[in-house]
1. With the contact rule set at Cα under 8 Å and sequence spacing of 6 or more, what percent relative contact order holds for region B:19-212?
2. Which values, in whole Å and largest first, are the semi-axes of the equivalent ellipsoid of region C:74-113 obtained as the square root of 5 times each eigenvalue of the Cα gyration tensor?
3. Determine by what factor the alpha-carbon radius of gyration of region A:12-66 differs from 2.2 N^0.38 Å, reporting the quotient.
4. Ranked highest first by the average count of other Cβ atoms within 10 Å around their residues, in what order do C:118-127, A:299-308, A:281-290 fall?
5. Per-residue Cβ counts within 10 Å, from other chains only, averaged over A:115-124: what number is that?
6. Can you tell me, using C-alpha contacts under 8 Å and at least 6 residues apart, the relative contact order of chain A as a whole percent?
7. Taking Rh as the Kirkwood radius computed over C-alpha pairs, what is the Stokes-Einstein D of chain A at 10 °C in a medium of viscosity 1.306 mPa s, expressed in µm² per second?
8. Determine the equivalent ellipsoid of region B:6-58 by diagonalising the alpha-carbon gyration tensor, then write out the semi-axes as square roots of 5 times the eigenvalues, largest first, rounded to whole Å.
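We did not get these values from a lab; they are worked out from the coordinates using the rules stated. The model shown is predicted, which means the values in this text are computed figures rather than measured ones. Here Cβ is always computed from backbone atoms with ideal geometry, including for glycine, and neighbour counts include all displayed protein chains.
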């Protein structure tokens, strides 16, 4: 019960009854959506929802804790390839595929722990944190890009270089003596359920004592340490959680398309999570989730005509966000319309928020 | 024996040149303003394309390369005046802004220029030492890298701009109080950084196949060199280049290109674990 | 009286420059101990050595009988120190009440935390500002809020670095009253201060630093009566 009380709090927008009524209504629409649409479209929406997990992870790290990870795609890709390697070698099916997904996330989380340890305990912060995580994802993309030869394989799983790894099984869920292959509607409900649990879980997390410390670190790491908190430990935990959400995205994506290419870690892919989250409003989970979904939907619609134009638009939106609404469009609109009640009185618009970190020293 | 030694030295010089030329422009902008120019690769691309187009119109290569550097510099100044200058008090946002611009430019060029172009071929031919063949142009690149470092040293130590720039790097508010027009310093520095990126592209233009996304070839190397070098271009970039070139040459020789790249990254992560402010931060602390 | 904090031959030099050397300081349980001295005497450096934001070059720091010389700041805080730095640092975008929560949640939770929070807000006279972002408080109020956060940890020793810096005379006086009230409730404090009026208001014992060394140490009356102390404050001192 006390856990549920933490769903609302100062770290999240939308704490009013009206918000939750709207939330339930949206959820109901989401649940009914497959009934009024064809499985192809439903599968597509599932695909969009998969990416919002990456965005939520970035919001936790960047918006709440103040760490600029430009490398979400690294963990996305590592988990994707790991899912391939594990599931192909085990010739997994049924519930085993879900264990493979967990294993893939564990590999990526371990990688995040290692990278995060070196960066955070090396007191790398600000801009440098962004650069190193960014260089990491680009280097991984370059690495997997040149694994075309047959010698590049782990057991039965070939990396296939630029073309990417293929042939991994889709996720399968045991269900009353039978197995359901997670694609189309089934995948949609599976991803929707995951997203719901993770969104609510993150709300509880950021409004808990732990979340209090995270935002305190974002505001002033030294002050937080003076209150007796081991700041670096909290940062590392937040980094691993945020990166693991990208890993979950990557694993689901790979199982969804039975395919993972190195391009998923390179440019322009690496810029996307930053754009989604910056545009939406990094300091709020709800804004991030809603904004990311809308952007992805728009991007996918335009990509059908021209991927280049879609990407130009994304770049333009990022520039526009920075120049006009640094706190993010969805967040800004939600606050200025006061559509969603906030427990605390609104303060001045945090125009300087993004710059408060200062140049890296 | 001599041939082997020469071959190793040659490869080292080649990698060193690449790191220095790729990083110099980025390092100046970072050192001066504390921002990372995510559109760095696009300035390099600009230098490449201007050079190639000029050569294809009959301009001699060295002149075309100068043209490439200058035009990238002008684009840089234009960008600084229109967008970047509004964001100096928000370094992270300036990074995001340059990232947005980078994305728009790359994709825009894909639309306008198509996916690949005819290159212009590497000039100067090759020479032989023992049984090994070497490209003479690679020596020019090494000379250019050393020249860029020497040029930067002269600019920062011997010119009025350099004195004021170093003052601004040390303490922008103080420099401003002493009458340095910091805004102009920033514009010039951004232009200089962009021009050096353009020069990098111009110099490597004859060695590459042309695609609009080729700026990315330089990105990892330039970023890691700047991170290892730290905020001071004069103090940090050259030692960082030497350190990383040694690592990379060794790994390239034993395990191939990609191991070299990953090795660079691991070196960086270890270096910042030990020296959070990079080589220049460490050196200047030792002086104190 | 037992010493809650002791430094033994504590020293810090930056390169060739010696900021603090051979300082033996003793803070007894229950007292308000002021650290005074002219500009550049090494007060702030000594303060940071005690708080753990600087590592000493020589000597050691003992806190509640334990050698904490190699302990990080947060570890010293865990052991009962609490620190307020000179420049007010509050969590500017978080509401005032949440600023206190971040500190209070180390010791309590639930209803007890709420009660403590109300009590502190009242003590700091910030009840009306509880839901406003801390960044829009006045400078003096931010100083108080930070003192409140430090107090919320229920420390055995409260370290205050120039708590009245930038305050109006009225605010300074109120701060003095706060400090005395906390002391009356049993809190031990080490206060770095240069404002002698304020020191007279609160101090019980005083250590005078000059050129990085302990120049004089004693009760408030003895120190004020000491002509040498006056000398160094008026700039006539020539060290040793």
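1. Relative contact order, region B:19-212: 46 percent.
2. The equivalent ellipsoid of region C:74-113 has semi-axes of 18, 17, 6 Å.
3. Normalised Rg, Cα atoms only: 1.45.
4. Most protected by this proxy first, the peptides run A:281-290, C:118-127, A:299-308.
5. Taking the mean over all residues of the peptide, I get 3.
6. Relative contact order of chain A: 32 percent.
7. It diffuses with D of about 76 µm²/s by this estimate.
8. Working through the eigenvalues yields semi-axes of 23, 22, 7 Å.
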